[in-house]
1. Suppose we keep only residues that are of a type in the set (Gly, Ala, Ser) and free of Cβ contacts under 8 Å to residues at least 40 places away in the same chain within segment 49-73. Which one would you say is nearest to Phe199 (Cα to Cα)?
2. Given the criterion closer than 16 Å to Ala90 by Cα, touching a residue at least 24 places away in the same chain (Cβ under 8 Å) and surrounded by 13 or more Cβ atoms within 10 Å (Cβ to Cβ), identify the matching residue among Trp137, Trp129.
3. Suppose we keep only residues that are closer than 14 Å to Val151 by Cβ and not charged (D, E, K, R) within segment 110-129. Which one would you say is nearest to the chain's Cα centre (by Cα)?
4. Which one of these is of a type in the set (Gly, Ala, Ser), at pLDDT 80 or above and in contact with a helix residue (DSSP H, G or I) (Cβ under 9 Å, 6 or more places away or on another chain): Ala133, Ala122?
5. Within segment 49-65, count every residue that is under 18 Å from Val117 (Cβ atoms) and of a type in the set (Gly, Ala, Ser).
6. Being farther than 30 Å from Gly123 by Cβ, touching a helix residue (DSSP H, G or I) at 6+ places or on another chain (Cβ under 9 Å), of a type in the set (Asp, Glu) and in contact (Cβ under 8 Å) with a residue 12 or more places away in the chain, is that true of even one residue in segment 163-172?
7. When the residues of segment 139-162 are filtered to those that are of a type in the set (D, E, K, R), out of contact with any helix residue (DSSP H, G or I) (no Cβ under 8 Å at 6 or more places or on another chain) and at pLDDT 90 or above, which remaining residue is farthest from Asp107 (Cα to Cα)?
Amino acid sequence: MRHRLLLVLLATPVLAACELPPLPYGDGSGRTVFVTGDSLVAEAEALVTVALALDGGRVAVRAADGSDIGWAAARLEDQLQLPPDVAVVAAHPVPAAGTNSWPGGWDRRDRRAVRDVVRLAAGVGCVVWVTPATHVWEGGRRRRARFYDTVVAAVEAAADAEPNLRVARWDRHAASHGDWYADDGVHHSDAGRAAYAAFIRDSVRELCPA
């Protein structure tokens, strides 16, 4: 209980700016929510956990820097012995440094990983796939990162193939918010991490209603 309380105390000041529901903290009696993703999820793990738990859910997060769709699919498969009610996938291929293109392009490994997510989604009540941003911010200016258009198109096509899979378009939601990004133009600022957590929570509410 001490650890749960500490998580709330640390995360609540940042989340307050996104108008998250007030305490009391979720008692864990609701549905189970599993979240897997890359560094954006890892950096916002506490905020994402609290945002979802405040709706009364039992939340588990598995995220790692540099993880791609295949890694996230493997983490989702690990959960299927006791399938969650809702799963959130927020991972994508990681571009080579400074190039915004994956070595070799969008290849069969990526396509196979997308098919794995589609296959696994059939075993979960509802899966929300959070798209990557399709832009980066440089010196306060937005620049299109066209590599990610391919990722978003693949995610949309995957959702057409599996009715349990829904798409949350973070790329659209964040498109005009340069203040949500850190100096590297890719990772999130404090405000961005809070906005990302709130977006995941709201997407689960909207796309996977209880």
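The values are calculated or read from the model by the stated rules, or taken from the named source; none is laboratory data. All figures in this text were calculated on a predicted structure; none of them were measured in a lab. Cβ: placed from backbone, ideal geometry, glycine included. Neighbour counts: every protein chain shown.
1. So in segment 49-73, the residues of a type in the set (Gly, Ala, Ser) come out as 51, 53, 56-57, 60, 63-64, 66-67, 70, 72-73.
With the extra rule that they be free of Cβ contacts under 8 Å to residues at least 40 places away in the same chain, the set shrinks to 53, 56-57, 60, 63-64, 66-67.
Working: Ala53: 14, Gly56: 17, Gly57: 16, Ala60: 17, Ala63: 17, Ala64: 19, Gly66: 21, Ser67: 20 Å.
Checking each candidate, the answer is Ala53.
2. Values: Trp137 fails: closer than 16 Å to Ala90 by Cα.
Being closer than 16 Å to Ala90 by Cα, touching a residue at least 24 places away in the same chain (Cβ under 8 Å) and surrounded by 13 or more Cβ atoms within 10 Å (Cβ to Cβ) holds for just one of Trp137, Trp129, which is Trp129.
3. Of segment 110-129, the ones closer than 14 Å to Val151 by Cβ are 110-111, 113-114, 117, 129.
Subsequent filtering for residues that are not charged (D, E, K, R) retains 113-114, 117, 129.
Details: Ala113: 16, Val114: 15, Val117: 14, Trp129: 7 Å.
Filtering segment 110-129 for residues that are closer than 14 Å to Val151 by Cβ and not charged (D, E, K, R), the one nearest to the chain's Cα centre (by Cα) comes out as Trp129.
4. Details: Ala122 fails: in contact with a helix residue (DSSP H, G or I) (Cβ under 9 Å, 6 or more places away or on another chain).
Selected residue: Ala133, the only one of Ala133, Ala122 that is of a type in the set (Gly, Ala, Ser), at pLDDT 80 or above and in contact with a helix residue (DSSP H, G or I) (Cβ under 9 Å, 6 or more places away or on another chain).
5. Keep residues of segment 49-65 that are under 18 Å from Val117 (Cβ atoms), which gives 60-64.
When the remaining residues are screened for being of a type in the set (Gly, Ala, Ser), the result is 60, 63-64.
Count: 3.
6. Within segment 163-172, the first condition is being farther than 30 Å from Gly123 by Cβ, and the residues that meet it are none.
No: segment 163-172 contains no residue that is farther than 30 Å from Gly123 by Cβ, touching a helix residue (DSSP H, G or I) at 6+ places or on another chain (Cβ under 9 Å), of a type in the set (Asp, Glu) and in contact (Cβ under 8 Å) with a residue 12 or more places away in the chain.
7. Across segment 139-162, the extreme among qualifying residues is Asp160.
Here's the yes/no breakdown for (1) surrounded by fewer than 15 Cβ atoms within 10 Å (Cβ to Cβ); (2) assigned to a helix (DSSP H, G or I); (3) at pLDDT 95 or above:
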{"site": "Leu6", "(1), (2), (3)": "yes, yes, no"}
{"site": "Leu23", "(1), (2), (3)": "yes, no, no"}
{"site": "Asp27", "(1), (2), (3)": "yes, no, no"}
{"site": "Ala51", "(1), (2), (3)": "no, yes, no"}
{"site": "Pro93", "(1), (2), (3)": "no, no, no"}
{"site": "Ala97", "(1), (2), (3)": "yes, no, no"}
{"site": "Asn100", "(1), (2), (3)": "no, no, no"}
{"site": "Arg109", "(1), (2), (3)": "yes, yes, no"}
{"site": "Ala113", "(1), (2), (3)": "no, yes, no"}
